[in-house]
Structure formats: structure tokens, C-alpha cells
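**Student:** Here it is: the structure, laid out below.
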Amino acid sequence: MKYGRTYNFSAGPAIMPEPVLEEIRDEMMNYRGSGMCVMEMSHRSKVYQQIIDEAEQDLRDLMGIPDNYKVLFIQGGATLQFSMIPMNLMKNKKAVYIETGAWSSKAIKEAKKVGEVIVAASSKDKNYTYIPDCSDLDIPEDADYVYICENETIHGLTYNTLPDTKGHILVSDQSSMFLSRPCNVSDYGLIYAGVQKNVGPAGMVVVIIREDLIRDDLTDLPIYLQYKTHADNGSMYNTPNCWAIYCCGKVFKYLKKLGGLEAMEKINQDKAKVFYDFLDSSKMFRGTVEKKDRSLMNIPFVTDSAELDAEVVAATKAAGYDNLKGHKSVGGLRASVYNAMPKEGVEALVKFLKEFEANKK
Ligand SMILES: *Cc1c(COP(=O)(O)O)cnc(C)c1O
């Protein structure tokens, strides 16, 4: 790695593409003759308006977002969406949630403060190691939406088939898989993603919402919590996270140049395969998730003892592979191999772990 950088396997904030960081560095002191850094610019200036417009358009191109969907850049991270979604979408005060791990559980907890939550399927019985069958869910007719966390960052599982919502709106938290594979936006009513996992710097969420779901009858709701506020003001009701929008815009352009989401998916499949093949052949390490539901982005794995897990974490860190400790709520290890992680990084880590295992014999 250049610049003495480490292979960073953090779950988030996470690794960014090196060419993007280099471009940002080159524009740091004087953005394209403006005489300013993007951090110093008025969000009402022409030069900044162009940055945010291009970011939105590039994201629309990448995902093929239909015209009847709004793209919003909102602050408060993905966490604020746990509340904003029920506040804005629960007309009948009732929604269906699928419980597959830490992040959907948190969303459920917040939604319960707003209305009735029906957990129609859960994998809690097996410590969130699989995606439950969602082909025939019991969905009340008057449920306002069906909610999923499409990639559970902590538990490392992902949906390869979307639930049959039986005509209800699908809402998806894509934070840790955003732009990792093609996405048919029309399948959803609302998609959101905190950007610090797979796109840019922390502190912002992208919300893609079908226009007819934006309500104007929510005048009692604090103005900042209404999607309408952000939609009506081009994500600039107040000062947006100008810097994050700029950096995300760079990543969108980078992905377009790479060949778009089909190309990205192929790279991600190749990369994850290197790691999963290793886990499946190892006698010391094993993956914790059912094979059919394995995430391409977050790979949790364990040895047979917590002591050995800790030893591996320390050894990898010393060798230049950082942030492999599993989340404190589940233990073990976890390698996050987001879009920006080069395949060489995964290959190098696998080589290291193989040697570690061989030396332990
Ligand atoms: C990280 C994460 C969140 C929370 O993101 P914040 O930006 O820290 O609020 C929510 N959902 C998923 C799936 C995540 O990975």
C-alpha cells in the first residue's frame, strides 16, 4: 500500500478508494480555481450547487433511479432514519419489520415509539446467522410498509431475494451494501444508506424515496424530520454536509468509471470468494453465517476460543491489517471488505491467516 497505509478492514467509517482520496488531496487548497477548499465554500454558491447537482445526477445514473424518486442528502446518519421512517410513513400507525440482526433490531425499537410493529420474521433464534424465509409473510392489509436491513453489518448476512411484500411498500436499510451490486430501485418505496460504510465520510445518509410517499400533512412534525422539507429544498433547507456530499460525489464518479454496479458486483464477488474459500478450507477459522445468506461486504468469522480470536486480532494488527475485531456484541472477528478494499488486501490477509494457522500446528 502507498503512503504507508494499512489494509483497513473497518466496518465503518471505512476504507475509501485511493484514487478518490488523491483527487480530494489535489483539490484541497484550491478547488478548480475557486480559490477555496470545498470545506470553506458557501453552500449557496454556484460552484457548490454544481457539486451537489453532479453528485445527485451521478448517483441517479449509477443506480438507474427513476424520475419519480427523490434523492435526499440528510444529516443524522442512518440512525435518524430509524425514527424518520416511521414518523413519515406510518399513516395507519402499523408496519412490518424483519428482524435479522443488530441494526434491524435498533430500527424496530425506534419504530415502536411511533406505532405498532409486527415482526413477521426473525432469525433471533439462531443468533442472526441466517435470513428467514420471507416468501409468504403474514402482512396485515393496513400495514404501512415492510422494513428490512438488507445487509446486517454486525452479523454479516445479506438478502439475495427481497421479501414478497404482497403489494406493500418495501423500505430498506442499505447502509453497508449501498452501491455494492445493482439495485432495482422500483422494487422499493424507500432506500437509505449511511454513507460511511461503503461510500464516503461519516455524518450523512442518502435517502431515495418515491415521490408519492412524501407527505405534506405532517405539519406537526418538527420541520427537519419531514422528508418534504428536504425534498422541497434540494437537500439544502439548512447547511448540508457539504464535505460529505463532495466526497460521495467523487466516489459516484469513480464507480461510473469502473463500469458501474455490475462491474462492482463482480469485483466484490471475486473478492469475497477469496475469503470465504479460505474459511471453508480452514481447520482453525470458520464463518458464522449460513452460506446462502453470506454478505459480500462484512465477513464475521471465529476460531474455537475467544482467547485465540484475540490473539489473531493482535497478530493481524501488528502485521498491518487493521480493525479485524468483531463487534463487541458478538465477539470473534470480522473482515469488512467494502467496494474500496482491493482484492490484493483480501489475498494478503488470507495468506497471513493461512500462515498463522500453519504455525499453530
Ligand atoms: C452503521 C449502520 C447504521 C448506523 O449508521 P450511523 O450513520 O452511525 O447512524 C445503520 N444501519 C446499518 C446497516 C449500519 O451498518
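The values are calculated or read from the model by the stated rules, or taken from the named source; none is laboratory data. Just so we're clear, the structure is a prediction, and the values are computed from it rather than from any experiment. Neighbour counts run over all protein chains shown; Cβ positions are idealised from the backbone, glycine included.
**Student:** Restricting the search to segment 17-40, which residues are of a type in the set (S, T, N, Q) and either surrounded by 12 or more Cβ atoms within 10 Å (Cβ to Cβ) or at pLDDT below 95 (or both)? Show your work before the answer.
**Tutor:** If we filter segment 17-40 for residues that are of a type in the set (S, T, N, Q), which is where we start, we get 30, 34.
Scanning segment 17-40 gives a single hit, Ser34.
**Student:** Further question: Before we move on, is Leu255 within 24 Å of the chain's Cα centre (by Cα) and either surrounded by fewer than 16 Cβ atoms within 10 Å (Cβ to Cβ) or in contact (Cβ under 8 Å) with a residue 40 or more places away in the chain (or both)?
**Tutor:** Working: within 24 Å of the chain's Cα centre (by Cα): yes; either surrounded by fewer than 16 Cβ atoms within 10 Å (Cβ to Cβ) or in contact (Cβ under 8 Å) with a residue 40 or more places away in the chain (or both): yes.
Yes: the conditions hold for Leu255.
**Student:** Looking at Asp144, Asp125, Asp138, which one is surrounded by 21 or more Cβ atoms within 10 Å (Cβ to Cβ) and over 30 Å from Met264 (Cβ atoms)?
**Tutor:** Details: Asp125 fails: surrounded by 21 or more Cβ atoms within 10 Å (Cβ to Cβ); Asp138 fails: surrounded by 21 or more Cβ atoms within 10 Å (Cβ to Cβ).
Only one candidate qualifies: Asp144.
**Student:** Still on this structure, I have one more. Consider Ala102 carefully, then state whether it is touching a residue at least 40 places away in the same chain (Cβ under 8 Å), in contact with a His (Cβ under 9 Å, 6 or more places away or on another chain) and either closer than 27 Å to Ser329 by Cβ or crowded, with 22+ Cβ neighbours inside 10 Å (or both). Give the derivation first.
**Tutor:** Working: touching a residue at least 40 places away in the same chain (Cβ under 8 Å): yes; in contact with a His (Cβ under 9 Å, 6 or more places away or on another chain): yes; either closer than 27 Å to Ser329 by Cβ or crowded, with 22+ Cβ neighbours inside 10 Å (or both): yes.
It is true that Ala102 is touching a residue at least 40 places away in the same chain (Cβ under 8 Å), in contact with a His (Cβ under 9 Å, 6 or more places away or on another chain) and either closer than 27 Å to Ser329 by Cβ or crowded, with 22+ Cβ neighbours inside 10 Å (or both).
**Student:** Check off (1) under 23 Å from the mean Cα position of the chain (by Cα); (2) under 30 Å from Asn68 (Cβ atoms) for Tyr321 and give me the number that stays unchecked.
**Tutor:** If we test Tyr321 against (1) under 23 Å from the mean Cα position of the chain (by Cα); (2) under 30 Å from Asn68 (Cβ atoms), just (2) comes out false.
**Student:** Report yes if Lys2 is among the basic types (Lys, Arg), closer than 19 Å to Ile148 by Cβ and either at pLDDT 95 or above or away from the ligand (no atom under 16 Å from the Cβ) (or both), otherwise no. Give the steps one after another, and end with the answer.
**Tutor:** Numbers: among the basic types (Lys, Arg): yes; closer than 19 Å to Ile148 by Cβ: no; either at pLDDT 95 or above or away from the ligand (no atom under 16 Å from the Cβ) (or both): yes.
When the stated conditions are applied, Lys2 does not pass them.
**Student:** Can you name the number of the only condition in (1) surrounded by fewer than 15 Cβ atoms within 10 Å (Cβ to Cβ); (2) more than 17 Å from the chain's Cα centre (by Cα) that Gln269 fails?
**Tutor:** Of everything listed in (1) surrounded by fewer than 15 Cβ atoms within 10 Å (Cβ to Cβ); (2) more than 17 Å from the chain's Cα centre (by Cα), Gln269 misses just condition (2).
**Student:** So the check is Cβ under 8 Å with 6+ separation or different chains; which pairs have a first residue in segment 314-330 that's within 30 Å of Ser105 (Cα to Cα) and a second one that's in a loop (DSSP other than H, G, I, E, B) and among the aliphatic types (A, V, I, L, M)?
**Tutor:** Matching pairs, first to second residue: Asn323/Ala11; His327/Ala11; His327/Ile154; Ser329/Ile154; Val330/Ile154.
**Student:** Would it be correct to say that Ala78 is modelled with pLDDT of 95 or more and outside any helix (DSSP H, G or I)? Full working, then the answer.
**Tutor:** Working: modelled with pLDDT of 95 or more: yes; outside any helix (DSSP H, G or I): no.
No, not satisfied.
**Student:** Still on this structure, I have one more. Would you check if Val195 is crowded, with 24+ Cβ neighbours inside 10 Å, without any contact (Cβ under 8 Å) to a residue 60 or more places away in the chain and under 30 Å from Leu333 (Cα atoms)? Explain how you work it out, then say what you get.
**Tutor:** Numbers: crowded, with 24+ Cβ neighbours inside 10 Å: yes; without any contact (Cβ under 8 Å) to a residue 60 or more places away in the chain: yes; under 30 Å from Leu333 (Cα atoms): yes.
Judged against the criteria, Val195 is a match.
**Student:** Now, a different point. Can you tell me which residues in segment 88-133 are within 16 Å of the ligand (Cβ to nearest atom) and either out of contact with any strand residue (DSSP E or B) (no Cβ under 9 Å at 6 or more places or on another chain) or part of a helix (DSSP H, G or I) (or both)? Reasoning before the result, please.
**Tutor:** Of the residues in segment 88-133, the ones within 16 Å of the ligand (Cβ to nearest atom) are 97-111, 123, 128, 131.
Result: Ala102, Trp103, Ser104, Ser105, Lys106, Ala107, Ile108, Lys109, Glu110, Ala111.
**Student:** Among the residues of segment 124-134, which ones are without any contact (Cβ under 8 Å) to a residue 60 or more places away in the chain and more than 12 Å from Thr288 (Cβ to Cβ)?
**Tutor:** Lys124, Asp125, Pro132, Asp133, Cys134
**Student:** Can you pull out the residues in segment 171-197 that are of a type in the set (A, V, I, L, M, F, W, C) and under 8 Å from the mean Cα position of the chain (by Cα)?
**Tutor:** Answer for segment 171-197, where residues must be of a type in the set (A, V, I, L, M, F, W, C) and under 8 Å from the mean Cα position of the chain (by Cα): Met177, Phe178, Ala193, Val195.
To keep it simple, each residue is scored yes or no on (1) assigned to a loop (DSSP other than H, G, I, E, B); (2) of a type in the set (S, T, N, Q); (3) more than 16 Å from the ligand (Cβ to nearest atom).
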residue: Pro13; (1), (2), (3): yes, no, no
residue: Met28; (1), (2), (3): yes, no, yes
residue: Arg44; (1), (2), (3): yes, no, yes
residue: Glu54; (1), (2), (3): no, no, yes
residue: Leu59; (1), (2), (3): no, no, yes
residue: Ser83; (1), (2), (3): no, yes, no
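**Student:** Let me confirm something: among Met264, Met297, Met284, which residue is over 21 Å from Phe178 (Cα atoms) and in contact (Cβ under 8 Å) with a residue 12 or more places away in the chain? First the steps, then the outcome.
**Tutor:** Numbers: Met264 fails: over 21 Å from Phe178 (Cα atoms); Met297 fails: over 21 Å from Phe178 (Cα atoms).
Checking each option against the conditions leaves just Met284.
Residues are listed down the side, and each one gets a yes or a no for (1) surrounded by 20 or more Cβ atoms within 10 Å (Cβ to Cβ); (2) assigned by TED's automatic domain parsing to the domain that holds Ala102; (3) part of a helix (DSSP H, G or I); (4) of a type in the set (Ser, Thr, Tyr):
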position	(1), (2), (3), (4)
Ala244	yes, yes, yes, no
Lys317	no, no, yes, no
Ser329	no, no, no, yes
Ala335	yes, no, no, no
